[in-house]
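Engineer: Okay, here's the structure, questions in a sec.
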Amino acid sequence: MTTTTTRLILMCLFFTAVLLSAGCTGEEQSFAEQAATEFRSETSGYEDRVEFRFIPNTDEAATYSVTHTIERDVSWGTTIETREDVRYENISRSNPIEIVVPREDPSDGAAIEIEIRNTAGVVLHQSRTSVAPATPVPTPP
């Protein structure tokens, strides 16, 4: 009887150890993969719009969740849009997250505050970027 009980306890301990180690290994790998993705930002200003692009450092397409606030008249901080947890799919180096802000006037500035998360909720990127209106260069007479 003692031998059977000991065997059952040892088998339970063995299966528990296998399950725990499998779970820990899987979490470590997925965390390392998720944390490896970094973003860089690019901004382009045109007379009619400002384009903000957030480009991951990977060619592998993935899904991300984005929360952002867009402001016009950067010095005053007039909020024109706030969106939370917007899902962007198939994002990669060749297909970045792109947010376009229309300009009513070429002298309008624009700013974006953004947070990008992976599907597990890990924050991969946070930044605030602003574009001021171009300062006209005087032309000599």
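The values are calculated or read from the model by the stated rules, or taken from the named source; none is laboratory data. Model, not experiment: these values are computed from the prediction. All Cβ positions, glycine included, derive from the backbone under ideal geometry; neighbour counts span all protein chains shown.
Engineer: Only one of THR16, THR6, THR58 is in a loop (DSSP other than H, G, I, E, B), modelled with pLDDT under 95 and out of contact with any Pro (no Cβ under 7 Å at 6 or more places or on another chain); which?
Structural biologist: Unique residue meeting the criteria: THR58.
Engineer: Do you know which of the residues in segment 40-88 that are in contact (Cβ under 8 Å) with a residue 40 or more places away in the chain, surrounded by fewer than 14 Cβ atoms within 10 Å (Cβ to Cβ) and farther than 26 Å from GLY121 by Cα is nearest to the chain's Cα centre (by Cα)?
Structural biologist: Across segment 40-88, the extreme among qualifying residues is ARG49.
Engineer: If I filter segment 68-118 down to residues being outside any strand (DSSP E or B) and basic (Lys, Arg), which single residue comes out as modelled with the lowest pLDDT?
Structural biologist: Among residues in segment 68-118 that are outside any strand (DSSP E or B) and basic (Lys, Arg), the one modelled with the lowest pLDDT is ARG103.
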